[in-house]
1. Using a Förster radius of 25 Å, what is the FRET efficiency between Ser58 and Ser35 based on their Cβ-Cβ separation? Nearest 0.05, please.
2. Extension gain Ser47-Phe65, at 0.36 nm per residue separation less the Cα-Cα distance, in nm?
Amino acid sequence: MIPSISSTQFLLLYLILLFVPSPTVAFTWQVCSTSAGNYTANSTYESNLNLLLSSLVSNGSAPGFFTDTVGQIPNQVQGLVLCRGDTNLTTCGSCLSNVTVQILRLCADNKDAVVWV
Ligand SMILES: *[C@@H]1O[C@H](CO)[C@@H](O)[C@H](O)[C@H]1NC(C)=O
Ligand SMILES: *[C@@H]1O[C@H](CO)[C@@H](O)[C@H](O)[C@H]1NC(C)=O
Ligand SMILES: *[C@@H]1O[C@H](CO)[C@@H](O)[C@H](O)[C@H]1NC(C)=O
Ligand SMILES: *[C@@H]1O[C@H](CO)[C@@H](O)[C@H](O)[C@H]1NC(C)=O
Ligand SMILES: *[C@@H]1O[C@H](CO)[C@@H](O)[C@H](O)[C@H]1NC(C)=O
């Protein structure tokens with residue numbers, strides 16, 4: 001699923017956040033990629049990215065997958081979250097709000113980012 005979506009030309013950002021109950025801040029696994037390029041500060045892309053990250057935090061904390069897409073090509077941003085089935089809304093929501101901040105630092109300006117917590 002991921003490779004096929006990833007190969008589409010309009011795919012600009014992926015976030016995969018798999019939550020493992022652990023207090024550690026370090027990511028178990030991470031990929032920052034510039035294969036789709038970088039975005040620039042204060043761009044429409046960045047604004048769409050921030051909207052997407054808010055949506056992932058607001059709507060993605062239930063166990064299972066949540067995906068969302070914001071904006072129009074070429075500034076479209078796509079995200080995917082997976083909260084493991086043995087977590088709950090509170091814990092996964094806390095993880096998501098932490099990760100959405102950290103991923104912007106970790107993969108600064110990169111259009112592709114995947115982390116596994
Ligand atoms: C993207 O930015 C990184 C630094 O954050 C840089 O190393 C890389 O060359 C840039 N890639 C492109 C395609 O602009
Ligand atoms: C982006 O906008 C902020 C706030 O308006 C400004 O301080 C900053 O210099 C801008 N950055 C770029 C690269 O335009
Ligand atoms: C996700 O949450 C945002 C609030 O951040 C809301 O505006 C939006 O409609 C929600 N999207 C989905 C797909 O539930
Ligand atoms: C959610 O899971 C955490 C960690 O296992 C636990 O401490 C907390 O009590 C749970 N919260 C609810 C509402 O079940
Ligand atoms: C999120 O970060 C806060 C502050 O660093 C930390 O106390 C909390 O345990 C983190 N939440 C998760 C689920 O990792």
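Laboratory data are not the source of any read-out in this text; all were calculated from the coordinates shown. It should be emphasised that the depicted structure is a prediction, and the values quoted were computed from it without experimental measurement. For neighbour counting, all protein chains shown are included, and Cβ atoms are generated from backbone atoms with ideal geometry for every residue, glycine included.
1. My answer for the efficiency is 0.30.
2. Going from the current span to full extension adds 4.1 nm.
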